[in-house]
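Participant: The structure under discussion is supplied below as structure tokens; questions concerning it will follow.
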Amino acid sequence: MEGFLGSHAGFGSDLNLTIQIAMGVALISGAFLARAKRFAAHGICQTVVLVLNLVLICFLMWPSFHSHVLPRLPKRLGKRFYAVATIHGFLGVLAEILGLYIVLVAGTNVLPKSWRFKRWKLWMRVELALWWFVLMMGALTYWVWYAG
């Protein structure tokens, strides 16, 4: 099915990019909720984005990476098409894992006290910055694969 953003991408890639940008905006909105001390709303917002992103990783991004990039690594890592996607994928997994860890620490008692961090703001800011960097890498991957 043909995409809607005017590139050579399919519908799924266009939809994923659009949703990812909306989720990036939602994460910024969630940060403002925390600043306003609306911590429950902040937690719900950030968790929904994290879970939605996990679904997109599992059903759209991983299958694409697995079929188009992974079989050609490490031989073609020096080519832009594969390098950008690999960096995006690696950092994206790191951001998702860090986000899941933050949710487990902040929203549950699943992890032992010794595994919990103390500097909440620092780690949440690191996660937000990492997420936005990964989002930009995702946009670059889209451009290299479909528009460049």
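Participant: Taking amide hydrogens as modeled 1.01 Å from N in the peptide plane, which residues meet the under 5 Å criterion relative to LEU73, leaving out close sequence neighbours?
Facilitator: Close amide H contacts, sequence-distant or interchain: none at all.
Participant: Can you tell me the dipole magnitude for the stretch 47-148 around its Cα centre, using point charges on the Cβ only (Lys, Arg +1; Asp, Glu -1), in Debye to the nearest 20? Display every interim value, and only then the final one.
Facilitator: Working: 11 positive and 2 negative charges, 71 e Å.
My answer is approximately 340 debye.
Participant: A further question follows. Considering the zone a paramagnetic label at ILE44 would reach in this model (a point 7 Å from Cα along the Cα-to-Cβ line), which residues of the stretch 80-109 have amide N under 17 Å from it?
Facilitator: 107-108
Participant: Hey, what angle do you get for helix 39-56 against the long axis of the chain, alpha-carbon based, 0 to 90 degrees rounded to 10?
Facilitator: The two axes meet at around 30 degrees.
Participant: Each residue of the stretch 125-132 in turn: what ³J(HN,Hα) in whole Hz from Karplus with 6.51, -1.76, 1.60 and θ = phi - 60°, glycine and Pro shown as x?
Facilitator: Calculated HN-Hα couplings, in order: 5, 4, 4, 4, 5, 4, 4, 5 Hz.
Participant: Here is a follow-up. How much length is gained on full extension from PHE117 to PHE59, taking 0.36 nm per residue of separation minus their Cα-Cα distance? Mind dumping the intermediate values first?
Facilitator: On the way: separation 58, 0.36 × 58 = 20.88 nm, distance 3.11 nm.
Result for the pair: 17.8 nm of gain on full extension.
Participant: Something else now. In what sequence, highest mean first, do 67-74, 82-89 appear when ranked by Cβ atoms within 10 angstrom? The partial results should precede the final answer.
Facilitator: Working: 67-74: 12.5, 82-89: 20.1.
Ranked by mean Cβ neighbours within 10 Å, highest first: 82-89, 67-74.
Participant: Right, here's the next one. Take every Cα pair under 8 Å in the chain that's 6+ residues apart, average their separations, divide by the length, and report that relative contact order as a whole percent. Please report the intermediate quantities before stating the final value.
Facilitator: Details: 108 pairs, mean separation 43.5, N = 148.
This gives 29 percent for the chain.
Participant: Using just the helices of the chain, give the 222 nm mean residue ellipticity in deg cm²/dmol: DSSP H runs with n ≥ 4 each add -39,500 (n - 2.57), and the total is spread over all residues, rounded to 500. Don't jump to the answer; show the numbers that get you there.
Facilitator: Working: 5 runs with 101 residues, N = 148.
Value at 222 nm, helices only, nearest 500: -23500 deg cm²/dmol.
Participant: Residue by residue through the stretch 84-96, which ³J(HN,Hα) values in whole Hz follow from phi under the Karplus form 6.51 cos²θ - 1.76 cosθ + 1.60 (θ = phi - 60°), with glycine and proline marked x?
Facilitator: 4, 5, 5, 4, 4, x, 4, 5, x, 5, 4, 5, 5
Participant: To one decimal place, what Kirkwood hydrodynamic radius in Å is obtained for the stretch 1-143 from all pairs of distinct Cα atoms? Spell out each step's value before the answer.
Facilitator: On the way: mean 1/r = 0.0613 Å⁻¹.
Final number for the Kirkwood radius of the stretch 1-143 is 16.3 Å.
Quick note: the coordinates plus some simple rules give every number you see, no bench work behind them. Quick caveat, the model's predicted, so the values are computed rather than measured. When we count neighbours, we look across all protein chains shown, and the Cβ atoms used for this are built from the backbone with ideal geometry, even at glycine.
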